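What follows is a short report on a single structure.
The values are calculated or read from the model by the stated rules, or taken from the named source; none is laboratory data. Because the structure is a prediction, the values reported are computed rather than measured. Cβ placement follows ideal geometry from the backbone for every residue including glycine, while neighbour counts extend to all protein chains displayed. Surface accessibility is based on the protein's heavy atoms, side chains included, excluding ligands, DNA and RNA. Shrake-Rupley method; radii C 1.70, N 1.55, O 1.52, S 1.80 Å.
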Amino acid sequence: MLKTRVLTALVLIPLVLGAVYAGGLVFFALVMFALLLAGAEFFQMARSAGYATLPYAGSAAIALIITEVYLSAEWFRLLVTTLIISTFISGILQHNREGWLVGWAITFAGVLYIGGLGAYFILVRQLPDGMLWTILALVTAWVTDAGAYLVGTRWGQHKFFPRISPKKTWEGALGGAVAAPLTLLALGVLLHLPLLHCLSLGLLIGLAAIVGDLAESLLKRQIGVKDSSNLLPGHGGMLDRLDSLLFTAVVTYYYVMWVLQ
């Protein structure tokens, strides 16, 4: 399993970093592609659990949110609003079909979770020195995940939220939380970050990555599946790879905007 995870990562990481470096439409296209895949996995998981989600409407809403942020075009919100209203009209025409409201609510919860948080990838890349900030956020989250996995599998003994994710341990979480600020200390020099900011932002990113991972584990536990899909060998699905990054992007953006600006 570890060998498969590493091989998959060796293929994906250069692709992602290359898109971050290119920026513009290339990075936008990668983010859009990844989030739409994650959204499709989310809607399919919910449908497999018996919830009547609206995958086409949900995917369209995710795409509109990402496009709005990329273009800074507020009028796209009108399109999202129109989409929400049209789904209600669809529900009316279905004559109060049983379970419609639950499916609608889960659909747009997925839109907020994946599209709303995923849009912060675009916002981070658009910051001054956005390429470096994006690389810093991604690499730190990846190292956090790797640290938690390696320490947890080697020394993990004490369960960490076992009702949500039975295999995670406190030792693994600590390994990830320690790995994050150490990574910031190594990468912070690229952005001339003082020691205090390296440690504080590193700790925040580490915690965000852990919480993001637990958040998706909670979703899967509620639905009753192990992985969002089998798309990425050794890693599960796209949503499994994005879970910690979604929260990391938010933390990075607001730390730069509120603390460093």
Please verify whether the stretch 82-97 includes one or more residues that are under 22 Å from residue 210 (Cα atoms), out of contact with any helix residue (DSSP H, G or I) (no Cβ under 6 Å at 6 or more places or on another chain) and either touching a residue at least 12 places away in the same chain (Cβ under 8 Å) or among the aromatic types (Phe, Trp, Tyr) (or both). no
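Of all residues in the stretch 140-158, which are of a type in the set (Val, Ile, Thr) and either open to solvent by 20 Å² or more (accessible area, probe 1.4 Å) or under 20 Å from residue 3 (Cα atoms) (or both)?
Going residue by residue through the stretch 140-158, those that are of a type in the set (Val, Ile, Thr) are 140, 143-144, 151, 153.
Correct list: 143, 144, 151, 153.
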Within the stretch 159-182, residues open to solvent by 50 Å² or more (accessible area, probe 1.4 Å) and of a type outside the set (A, V, I, L, M, F, W, C) come out as 159, 162, 163, 166, 167, 168
Residue ranges of helices (runs of 4 or more DSSP H) in the stretch 32-151 with at least 1 members farther than 30 Å from residue 15 by Cα: 76-93, 100-110
Working only within the stretch 178-199, note down all residues that are free of Cβ contacts under 8 Å to residues at least 40 places away in the same chain and assigned to a helix (DSSP H, G or I). 178, 179, 181, 182, 185, 186, 189, 195, 196, 198, 199
Given the conditions (1) under 30 Å from residue 59 (Cα atoms); (2) polar (S, T, N, Q); (3) in contact with a Ser or Thr (Cβ under 6 Å, 6 or more places away or on another chain), and given that residue 183 satisfies all but one, which numbered condition is not satisfied? (1)
Test each condition in (1) open to solvent by 50 Å² or more (accessible area, probe 1.4 Å); (2) of a type in the set (A, V, I, L, M, F, W, C); (3) touching a residue at least 12 places away in the same chain (Cβ under 8 Å) for residue 137 and report the one that comes out false. (1)
Mind checking which residues of the stretch 72-112 are open to solvent by 60 Å² or more (accessible area, probe 1.4 Å) and either touching a Phe, Trp or Tyr at 6+ places or on another chain (Cβ under 9 Å) or of a type in the set (Asp, Glu) (or both)? 74, 88, 94, 98, 102
Report, by residue number, each residue of the stretch 32-49 that is in contact (Cβ under 8 Å) with a residue 60 or more places away in the chain and surrounded by fewer than 20 Cβ atoms within 10 Å (Cβ to Cβ). 44, 48, 49
Can you tell me which of (1) more than 18 Å from the chain's Cα centre (by Cα); (2) hydroxyl-bearing (Ser, Thr, Tyr); (3) over 24 Å from residue 230 (Cβ atoms) is the one residue 56 doesn't meet? (3)
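If you scan the stretch 103-137, which residues turn out to be of a type outside the set (D, E, K, R) and touching a Leu at 6+ places or on another chain (Cβ under 7 Å)? Break it down stepwise before answering.
First pass over the stretch 103-137, keeping only residues of a type outside the set (D, E, K, R): 103-124, 126-128, 130-137.
Within the stretch 103-137, 103, 104, 107, 114, 115, 117, 118, 132, 133, 135, 136 meet the criteria.
Yes or no, residue by residue, for (1) closer than 17 Å to residue 110 by Cα; (2) in contact with a strand residue (DSSP E or B) (Cβ under 8 Å, 6 or more places away or on another chain); (3) open to solvent by 10 Å² or more (accessible area, probe 1.4 Å):
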{"position": "184", "(1), (2), (3)": "no, no, no"}
{"position": "194", "(1), (2), (3)": "no, no, yes"}
{"position": "199", "(1), (2), (3)": "no, no, yes"}
{"position": "203", "(1), (2), (3)": "no, no, yes"}
{"position": "213", "(1), (2), (3)": "yes, no, yes"}
{"position": "221", "(1), (2), (3)": "yes, no, yes"}
{"position": "241", "(1), (2), (3)": "yes, yes, yes"}
{"position": "251", "(1), (2), (3)": "no, no, yes"}
